[in-house]
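Peer 1: Structure in structure tokens, see below.
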Amino acid sequence: MQTIGLVGGLSWESSAAYYEALNRGVEARVGALSSARTVLSSVDFAEVTAFQEAERWDDVAAVLTTAAQGVERAGADFLLLCTTTFHLVADQVADAVGIPLLHLGDVVADAAVAAGVHSIGFVGTTFAMSRPYFTDRLASHGLSVHVPDPARHDEVNRIIYDELVHGRVESDSRRTVVSVIEELWDAGAGGVVLGCTELELLIRQADVDVPVFPSTTLHVAAALDRALA
């Protein structure tokens, strides 16, 4: 089994979801008392969020690169960034380490293409929905990408940052995000990416008719495929 490197803390709720899913996945695939070989470096979410808000992306890259290099030195065979928003600096992090980075955008796009979906909706933080770095990565795989109307961005962002990153799952917020997903379906999306780990705490496939692509679940599955190959 290869060792999976994780850069986390973005938020810690996201990291906990990754850690649990990786270990449950190894248990299910291997059985007995098996668990995942992982190395985790968890950064301060407040620090990198402050850098993000100030558009200090070189500082974000420096924090995540330092964490990734520590994970590499600790013996990781490949690397995951446990975040969507901060994949903006994924290429800088990848260039700074000698191990492969399993890019979330590539994993999600591959899953959509494999499912026969050609037009995909994307729901995440305001930052990830309003900047092209992640949606362009999806589009590079031949997908047509839809994002919610900008008027809906603040609602989704509030749910993520004020509730989900603190572990709060509210029924009213679920209804709000479901309505956003339905709007994307009406706009022509054949599936919708839950492009934020925390959204998977809120939305399940049973909540909507349109196919959903839970980014963290897919990222974990791809990591397990690689680690256990």
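The values are calculated or read from the model by the stated rules, or taken from the named source; none is laboratory data. Treat the numbers as computed from the prediction; the structure is a model and nothing was measured. In this analysis, Cβ positions are derived from the backbone assuming ideal geometry, glycine residues included, and neighbour counts consider all displayed protein chains. Side chains are part of the model used for accessible areas, which takes the heavy atoms of the whole protein and leaves out ligands, DNA and RNA. Shrake-Rupley method; radii C 1.70, N 1.55, O 1.52, S 1.80 Å.
Peer 1: Which of the strands (runs of 3 or more DSSP E) contained wholly in region 1-120 include at least 2 residues that are polar (S, T, N, Q)? Show your work before the answer.
Peer 2: Working: elements: 4-8, 38-42, 78-81.
Hits in region 1-120: 38-42.
Peer 1: For region 147-158, which positions are open to solvent by 20 Å² or more (accessible area, probe 1.4 Å) and in contact with an Asp or Glu (Cβ under 9 Å, 6 or more places away or on another chain)? Break it down stepwise before answering.
Peer 2: Start the filter on region 147-158 by keeping residues that are open to solvent by 20 Å² or more (accessible area, probe 1.4 Å), which leaves 147, 149-152, 154-155, 157-158.
Scanning region 147-158 gives 149, 152.
Peer 1: What number of residues in region 115-136 are under 16 Å from the mean Cα position of the chain (by Cα) and either crowded, with 20+ Cβ neighbours inside 10 Å or in contact (Cβ under 8 Å) with a residue 40 or more places away in the chain (or both)?
Peer 2: 13
Peer 1: Additional query: Would a scan of region 36-44 turn up a residue that is touching a strand residue (DSSP E or B) at 6+ places or on another chain (Cβ under 8 Å) and charged (D, E, K, R)? Give the steps one after another, and end with the answer.
Peer 2: Residues of region 36-44 touching a strand residue (DSSP E or B) at 6+ places or on another chain (Cβ under 8 Å): 36-43.
Narrowing further to those that are charged (D, E, K, R): 37.
Yes: region 36-44 contains one or more residues that are touching a strand residue (DSSP E or B) at 6+ places or on another chain (Cβ under 8 Å) and charged (D, E, K, R).
Peer 1: Can you name every residue in region 87-104 that is open to solvent by less than 10 Å² (accessible area, probe 1.4 Å) and either under 24 Å from residue 178 (Cβ atoms) or touching a residue at least 60 places away in the same chain (Cβ under 8 Å) (or both)?
Peer 2: Scanning region 87-104 gives 93, 104.
For every residue, the table says whether it meets (1) under 22 Å from residue 78 (Cα atoms); (2) at pLDDT 95 or above; (3) surrounded by 21 or more Cβ atoms within 10 Å (Cβ to Cβ); (4) not aromatic (Phe, Trp, Tyr).
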residue	(1), (2), (3), (4)
179	no, yes, no, yes
198	no, no, yes, yes
212	no, yes, yes, yes
219	yes, yes, yes, yes
222	yes, yes, no, yes
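Peer 1: If you don't mind, another one. State whether the residues of region 181-194 include one that is in a helix (DSSP H, G or I), open to solvent by less than 10 Å² (accessible area, probe 1.4 Å), hydrophobic (A, V, I, L, M, F, W, C) and out of contact with any strand residue (DSSP E or B) (no Cβ under 6 Å at 6 or more places or on another chain). Give the steps one after another, and end with the answer.
Peer 2: Just the residues of region 181-194 that are in a helix (DSSP H, G or I), to begin with: 181-186.
Next cut, open to solvent by less than 10 Å² (accessible area, probe 1.4 Å) only: 181, 184.
Okay, now just the ones that are also hydrophobic (A, V, I, L, M, F, W, C), so 181, 184.
Imposing the further condition that a residue be out of contact with any strand residue (DSSP E or B) (no Cβ under 6 Å at 6 or more places or on another chain) reduces the set to none.
No, that holds for no residue.
Peer 1: Among the residues in region 20-27, are any touching a Leu at 6+ places or on another chain (Cβ under 6 Å), over 13 Å from residue 89 (Cα atoms), touching a residue at least 24 places away in the same chain (Cβ under 8 Å) and crowded, with 17+ Cβ neighbours inside 10 Å?
Peer 2: Of the residues in region 20-27, the ones touching a Leu at 6+ places or on another chain (Cβ under 6 Å) are 25.
With the extra rule that they be over 13 Å from residue 89 (Cα atoms), the set shrinks to 25.
Of the ones still in play, those that are also touching a residue at least 24 places away in the same chain (Cβ under 8 Å) are 25.
Still in the running and crowded, with 17+ Cβ neighbours inside 10 Å: 25.
Checked against the condition, which is being touching a Leu at 6+ places or on another chain (Cβ under 6 Å), over 13 Å from residue 89 (Cα atoms), touching a residue at least 24 places away in the same chain (Cβ under 8 Å) and crowded, with 17+ Cβ neighbours inside 10 Å, region 20-27 yields at least one hit.
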